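First the structure, in the form of structure tokens, and then the observations on it.
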Amino acid sequence: MNKIFKVSEKKLEEIVRKAVEEYLEAIKPKENNFRIEGDIPDISSLFKNAKFSDSDLAHKDNDRVDEGLIQTYDANKVKDIVCRKFNLLPEQFYIEPVTENGRTVELIAIVLDNKLTKNEVGDVINLMRTCGYFQYQQNRIYGKQTVYFFEPHFSKDITDEIKQNYQYLFHATPTIYVQKILNNGLVPRHRNTLYFYPSRVYCMLGNNLSAEQIHTLKNIRAERGAKRLHDNNQYTILRINVGEIPENVRFFVDPLGDNSILTHDNIPPNAISVYDEL
């Protein structure tokens, strides 16, 4: 249901003035503490070799509710804002295009000096979050520098493409949760043992699963099983009927998964059925 809120002219001016002040403060340059004077590691290689692992993530990003976040801004514009504000060298802000199934999503790595305080690093992370990017994996320490990895909160919207070309989507879950999902639907969760993502539901494309896709799901099961002993490493594949998904549910590209997509919305139980056991 759409809601209409009425505000006075004075209140509207106050809102606009506050937004402008926050923006000007966000781009106000800081001192050169953030700039690295020594050698900067070859960041491009880190995207190929980095492995995902569990961590408490010092800044507790996942405890924050980003209710006002509605889009991800262009990576090059974000680079300009972040570098100007924190006096970073261009080499400290690296953009890596990742292509899956003909779709490209830009990942970001930022190199900061280890001498920075927790609050100073938090300032960088918070500005990236404001621009629509979140930390998607554990930081990497290289000598006197630390590399921070970011992924778009909102990647390319492919909802229409999915509805036009696919009858089904698939989702793997520990078997102990199957009945709960069949009763309540799939609800986005922001914490798991592999990634530091915001609230999401991950699905795999395909009207029927290929042997390669099943192999991928089995690998996910094996990795998660090592961390989640309570589920006895038993997984079930659920099938989602695209035709039963509400119009307001949107799907986006998962840049790190082959034939994988994600949604920030709930998928109702009437669209879900059991497909197979892993």
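The values are calculated or read from the model by the stated rules, or taken from the named source; none is laboratory data. Model, not experiment: these values are computed from the prediction. For accessibility, only protein heavy atoms count, side chains too; no ligands or nucleic acids. Shrake-Rupley method; radii C 1.70, N 1.55, O 1.52, S 1.80 Å.
Taking the solvent-accessible surface of protein heavy atoms with a 1.4 Å probe, what is the per residue accessible area of segment 82-174 in Å²?
41 Å²
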So how much accessible area does Ser273 have, in Å² to the nearest 10, using a 1.4 Å probe?
40 Å²
Round to the nearest 10 and report in Å² the accessible area of Cys203, as given by a 1.4 Å probe over the protein chains' heavy atoms.
0 Å²
Exceeding 25 Å between C-alpha atoms, which entries from my cross-link table qualify? They are Lys18/Lys156; Lys30/Lys115; Lys30/Lys144; Lys28/Lys77; Lys18/Lys115.
Lys18/Lys156; Lys18/Lys115
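Rounded to a whole number of µm²/s, how large is the Stokes-Einstein D of segment 71-138 at 25 °C and 0.890 mPa s, given Rh as the Kirkwood radius over C-alpha pairs?
It diffuses with D of about 192 µm²/s by this estimate.
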Listed by chain and number, the residues whose amide H is under 5 Å from that of Leu238, excluding neighbours fewer than 5 places away on the same chain and using placed H, are His171, Ala172, Thr173, Tyr275
